[in-house]
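Asker: Below is a structure I'd like to ask you about.
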């Protein structure tokens, strides 16, 4: 993961300090690493989700309607996951 730009992004965003980011990349700070990677995943997902939904809407309108209906409620998370896993 070295050279991926994650350290720079974490430091620039203020998520981690320079030393903490290096410790995370060296595998010395497990708890911080989990937090940083989870926040990074959430950020990337927020960027990618609109593109995924736009693609689904154009290419698979039935799937888009089903996903949109299920995504409106947190209680439907299991049904949403099942729907996305089906071919």
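Asker: Considering only region 73-87, state which residues are loosely packed, with under 10 Cβ neighbours inside 10 Å and over 18 Å from the mean Cα position of the chain (by Cα). Break it down into steps so the answer makes sense when it comes.
Answerer: Kept after step one, since they are loosely packed, with under 10 Cβ neighbours inside 10 Å, are these residues of region 73-87: 74-75, 78, 85-87.
Scanning region 73-87 gives 75, 86, 87.
Asker: Would region 48-68 turn up any residue that is closer than 22 Å to residue 13 by Cα, touching a helix residue (DSSP H, G or I) at 6+ places or on another chain (Cβ under 6 Å), free of Cβ contacts under 8 Å to residues at least 40 places away in the same chain and surrounded by 10 or more Cβ atoms within 10 Å (Cβ to Cβ)?
Answerer: There is no residue in region 48-68 that is closer than 22 Å to residue 13 by Cα, touching a helix residue (DSSP H, G or I) at 6+ places or on another chain (Cβ under 6 Å), free of Cβ contacts under 8 Å to residues at least 40 places away in the same chain and surrounded by 10 or more Cβ atoms within 10 Å (Cβ to Cβ).
Asker: Continuing with this model, one more query. Considering only residues that are touching a residue at least 24 places away in the same chain (Cβ under 8 Å) and over 30 Å from residue 64 (Cβ atoms), look in region 18-47 and name the one that is surrounded by the fewest Cβ atoms within 10 Å (Cβ to Cβ). Break it down stepwise before answering.
Answerer: If we filter region 18-47 for residues that are touching a residue at least 24 places away in the same chain (Cβ under 8 Å), which is where we start, we get 25, 36, 39-40.
When the remaining residues are screened for being over 30 Å from residue 64 (Cβ atoms), the result is 25, 36.
Working: 25: 18, 36: 22.
This residue is 25.
Asker: Among the residues of region 22-54, count how many are within 12 Å of the chain's Cα centre (by Cα) and in a loop (DSSP other than H, G, I, E, B).
Answerer: Within region 22-54, residues that are within 12 Å of the chain's Cα centre (by Cα) and in a loop (DSSP other than H, G, I, E, B) number 0.
Asker: Also: Only one of (1) in a helix (DSSP H, G or I); (2) surrounded by 11 or more Cβ atoms within 10 Å (Cβ to Cβ) fails for residue 15. Which number is that?
Answerer: (1)
Laboratory data are not the source of any read-out in this text; all were calculated from the coordinates shown. Values in this document were obtained by computation on a predicted structure and should not be read as measured data. Virtual Cβ from ideal backbone geometry, glycine too; neighbours counted across all protein chains shown.
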